[in-house]
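A quick write-up on the structure given underneath.
Values in this text are rule-based calculations from the coordinates and carry no lab data. These figures come from a predicted structure and were not determined experimentally. Glycine gets a Cβ as well: all are built from the backbone with ideal geometry, and neighbour counts include every protein chain shown.
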Amino acid sequence: MMLLKCPKCGNTMKYQSMDGKIGNKKKRCVYCGKTFLIRQKIIKTLLS
């Protein structure tokens, strides 16, 4: 599980890849709707 930070609104959200790869995947912010590349916005990797 990872923490991502939205480049538009600055909110953080959790993300977990279903296949374990984060290559060029995109995520839509649940707060403002902006779409961004995951790799560039990872803040922290959380260990479960």
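Checking every one of the trypsin sites (Lys or Arg not before Pro) in region 1-38 against DSSP loop status and a limit of 16 other Cβ atoms within 10 Å picks out Lys8, Lys21, Lys25, Lys34. Here region 2-45 yields Rg over Rh of 0.92, to two decimals, using C-alpha coordinates and the Kirkwood radius.
A simple charge model with +1 on the Cβ of Lys and Arg, -1 on the Cβ of Asp and Glu and nothing else charged puts the dipole of region 2-45 at about 100 debye relative to its Cα centre. Chymotrypsin sites (Phe, Trp or Tyr not before Pro), restricted to the chain: which are DSSP loop and have at most 14 other Cβ atoms within 10 Å? Sparse-neighbourhood loop chymotrypsin sites (Phe, Trp or Tyr not before Pro): Tyr31. Rank Met1, Gly20, Ile42 by how far each Cα sits towards the positive end of the charge dipole of the chain (+1 on Lys, Arg Cβ; -1 on Asp, Glu Cβ) and give me just the farthest. Checking the options against the dipole of the chain, the answer is Ile42.
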